Amino acid sequence: MAADPVFEEEQKHLSDTYEKLVRIESEVRSRLEADLAEALDDKEDLFEALSLNQDADIQLETLAELEAVNRIIESYNLSADINTEKLRRAQLLLHSPYFAKVRCKFPYSAEPKDIYIGAAGMTDEMRRHFIVDWRSPVAEVYYNQANGLTSYEANGRTIEVELQLRRQFDIRRDELRAYFDTTVAIEDPLLLASLSKRRTARLEAITTTIQKEQNQVIRHADVPVLLVQGIAGSGKTSVLLQRIAYLFYTERESLTPSDVYLITPNAVFGRYIDNVLPDMGESNPQILTWNDLMVRLGLEGRGIAKDASLDVLRQIDDSVAKLQLEQGDYCDIRVDDERVITGAQARASVEKYARIPMGTHRMALAIEDLKEKLEQRVMRLSRDEDVQDTVMELSNEEQIRLFGQQLAPLDTDELVSCTRKYLNVRYAPVLEAIEEGRWLRLDRIGMRMLGRQTLDAVEWLYLKLALVGGGERHARYVMVDEVQDYTTTQLAVLARFFPNAHFLLLGDENQAVHEGTASFAEVRELFGKLRGGVDECSLMISYRSSPEITDLFCKLLPERERVQASSVQRPGTEPVIIECADGDEYERALRQVVDDAASEPGLTALIANSRTRAKQLARLLADSAVQVVPDDGTLPAEGVVLLDVMLAKGLEFDHAIVPDVQEGAFPNEPLRRHRLYTAISRATQRVTLVANGSLADVLR
């Protein structure tokens, strides 16, 4: 490559760019240090000059001086935020300044323009972008993977360009290792090199190797619901995370991580992906499982909440408007032994708005009425001498914890103010209980409404949302991975719990490993009714598994999908199939396969078809090198791990060992096919099937 003039030219450009990044990193770091020193000096000078005299005649002047100090502090904070962000981007780019280049001929320009694309954008001293963020509009022409006339969307306009060059780079810091000029995904050398790497305990970002069909999902227009069906290994989870990063970029002025929720299948999977966005310079959204949400809402004791039907939810909706609340439906709100809000007060607040139909609007008015009652109680008690004495008798530690300082009220008004702060802290749980509708006995109401002895978590939560309201109204995006593992009722609850959010639903119907979960047709129907429509995308290329492994698990797909599915991996190792004559031979063979895998590099998974079978295998192989992965565990970097197929969903391994693939264990039934498909498709390079008897017919 050293004799290649293009290589030499690109290496020079890289060296110049790297020097510029080093200079920017140094300058920004120095600027941050100088600003900090200056801020400390200014703070000292300002507070020395600031008069804190509390004399009434100069109080307004003092307040004005304090406001000036606050403005100066805010300006320093703003400058620090801007410089810290630029430093973060510079440090990210120093690992690899860019990964691609496009040469575009714009209609308004006589000469084509070279644009370098990196994991983040960076401007020079003239505020010109010498590296463009991969999420910027113009970078789309790179991911479209076709030279010639093309276009991209920017600020609501379509920009027509001629793509004359699409070049990829293999770069480490300031060293150019190779470059490639490519046009289509199947000839993508960087993709193939990336796919050939050993799998690690963490998922890695795919920014440099995003393919055209993946890019269509990542940059899809913002719609109420986007449903993505993808075969195993098509990069659904990676695409989901890139989509989140893309949204953070395009809506960086208004979107924060607290506005985005990612619902994951299990805690192991959550840890598997939790480094991807930080490695791209973005913060993680709120990552939780369905069970995490139930725990957060205090509903974990009601089971896994998958048994309620849509008919029950419809019955709740129909019953709420004509609901007649009884005296026993109300309860007191207490703090310790103090009754703060009585059931009678709650009933009076609801009946005050009797002209309004029962439901969230009426309850919202009742809640405001109860909050006003609480405020009146605080105002009254803040002037009570006994309560004031309680405040003044607080220890110094309690005063500092509650007020940030020791109390020294100068007059009655200050004492009342301090007492009010104390009461607001004491009654904070009461305010929360009022807003959450805990003055209603929802179980009593729901059991009467539905004719039940108990309510499960879905029924209770849906009743609460339908009658009292609540949920996360601030959420703007909810991403649900492995959507095929949720029931229609769970999805209906999520849609109502996040009423203002747009949904991205990703999954694979052929990996539905539980009974009674929603089909994609049911998902479309449900969200079509709840959100007005569903956009769809498909991902039918496997980037995870070798062609040999892809061919094997594709035998378990419906004929139409089997024809569409393909792999871009280089040819690898043929699957190993071991058929054993009896149980003793099966046990010996399984032990040997596990021992052999333990001595090899990489990460191997022994994937059982159920949790019960995983426990049996753990006892059987207790003296082997296999490591059992708990539900809330983290994958090791290498070795052999044992887990059930439900826990393995979404993960990938260099080698997958699938036991019990005999005919009796895997008859030609949808659920069994799905579990076998899921287990086999976890493998990237090698798969070993061990059968206690003849191999299941579905794999022949």
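The values are calculated or read from the model by the stated rules, or taken from the named source; none is laboratory data. This one's a predicted model, so the numbers in the text were calculated from it and none came from an experiment. Glycine also receives a Cβ, built like all others from the backbone with ideal geometry; neighbour counts cover every protein chain displayed. All accessible areas refer to the heavy atoms of the entire protein, side chains included, with ligands and DNA or RNA removed. Shrake-Rupley method; radii C 1.70, N 1.55, O 1.52, S 1.80 Å.
Every helix of 4 or more DSSP H residues in the chain counts as -39500 (n - 2.57), and over all residues that averages to -14000 deg cm²/dmol at 222 nm.
Phi angles of the range 374-380 translate, via the Karplus equation with coefficients 6.51, -1.76, 1.60 and θ = phi - 60°, into HN-Hα couplings of 5, 4, 5, 5, 4, 4, 5 Hz per residue; Gly and Pro are given as x. The slack in the chain from R380 to R452, taken as 0.36 nm per residue of separation less the alpha-carbon distance, amounts to 21.6 nm. If you plug the beta carbon distance of D170 and T250 into 1/(1 + (r/R0)^6) with R0 = 22 Å, you get a FRET efficiency near 0.20. Extent along the principal axes, Cα only, for the range 306-367: 41, 33, 19 Å, with the longest axis given first. The simple Förster model, with R0 at 45 Å and r as the Cβ-Cβ distance, assigns S309 and A146 a FRET efficiency of 0.40.
Sorting M540, M294 by accessible area puts them as M540, M294; the probe is 1.4 Å, largest comes first, and only protein heavy atoms count.
Students often get this wrong: which residues of the range 321-339 have the backbone nitrogen under 16 Å from the point 7 angstrom along Cα-to-C-beta of E368? Label zone hits: none. Considering only beta bridges that DSSP places wholly inside the chain, some 40 percent are antiparallel.
Residues in the range 627-632 carry Karplus couplings, in order, of 10, 7, 8, x, 4, 10 Hz; the curve used is 6.51 cos²θ - 1.76 cosθ + 1.60 with θ = phi - 60°, and Gly or Pro positions show x. Going by accessible surface with a 1.4 Å probe and the largest first, T412, T256, T604 read T412, T256, T604. Please report, to two decimal places, log10 I(q)/I(0) for the range 346-386 at q = 0.30, 0.31 Å⁻¹ as given by the Debye formula with identical point scatterers on the Cα atoms and no solvent. Cα-only, vacuum Debye calculation for the range 346-386: -0.94, -0.98.
For the chain, averaging the sequence separation of C-alpha pairs within contact (under 8 Å, six or more residues apart) and dividing by the residue count gives a relative contact order of 13 percent.
Modelled spin-label separation between V335 and R560, with each label point placed 7 Å from Cα along the Cα-to-Cβ direction: 6.1 nm. Taking amide hydrogens as placed 1.01 Å from N in the peptide plane, the amide H of I577 sits under 5 Å from those of L689, each at least 5 positions away in sequence or on another chain. A Cα-only calculation for the chain places Rg and Dmax at 30.9, 99 Å. In the range 553-620, which GluC sites (Glu not before Pro) are in a loop and have at most 15 other Cβ atoms within 10 Å, using DSSP for the loop call? Passing sites in the range 553-620 do not exist. Please list, by residue number, everything in the range 511-542 whose backbone N is under 20 Å from a paramagnetic label point 7 Å out along Cα→Cβ of E669. Of the residues in the range 511-542, 511-519 have backbone N under 20 Å from the label point off E669.
Under 5 Å between amide hydrogens, built in the peptide plane, is the criterion, and for G693 it picks out C580 among residues at least 5 positions away or on other chains.
Sorted by accessible area with a 1.4 angstrom probe, largest first, how do K371, K352 fall?
Numbers: K371 55, K352 115 Å².
Solvent-accessible surface, decreasing: K352, K371.
Computed with a 1.4 Å probe on the full set of protein chains, the accessible area for D411 sits at about 80 Å². Rolled with a 1.4 Å probe across the full set of protein chains, the surface gives M646 an accessible area near 40 Å². In this structure, the amide hydrogen of R441, modeled 1.01 Å from its nitrogen in the peptide plane, lies closer than 5 angstrom to those of Y330, C331, counting only residues at least 5 positions away or on a different chain.
Sorting 141-154, 241-254 by their mean Cβ neighbour count within 10 Å, with the most densely packed peptide first, gives 241-254, 141-154. Under 14 Å from a point 7 Å along the Cα-to-Cβ line of E85: which residues of the range 215-251 have their amide N that close? Residues 248-251 fall inside that zone. Each residue of the range 265-274 is assigned a 3J(HN,Hα), and the resulting list reads x, 7, 5, 4, 5, x, 6, 5, 9, 6 Hz, derived from the Karplus form 6.51 cos²θ - 1.76 cosθ + 1.60 (θ = phi - 60°), x at Gly and Pro. Computed with every protein chain present, the accessible area of D336 is close to 120 Å² [probe 1.4 Å]. Between K105 and D317, the contour length at 0.36 nm per residue exceeds the alpha carbon distance by 70.5 nm. Net charge in the neighbourhood of R89 (other residues with Cβ under 10 Å of its Cβ; Lys, Arg +1, Asp, Glu -1) is -1. The distance linking the range 136-154 with the range 453-518 is 36 Å (Cα centroid to Cα centroid, whole angstrom).
In this structure, R591 and D631 have a Cβ-Cβ separation that, at R0 = 25 Å, corresponds to a calculated FRET efficiency of about 0.45.
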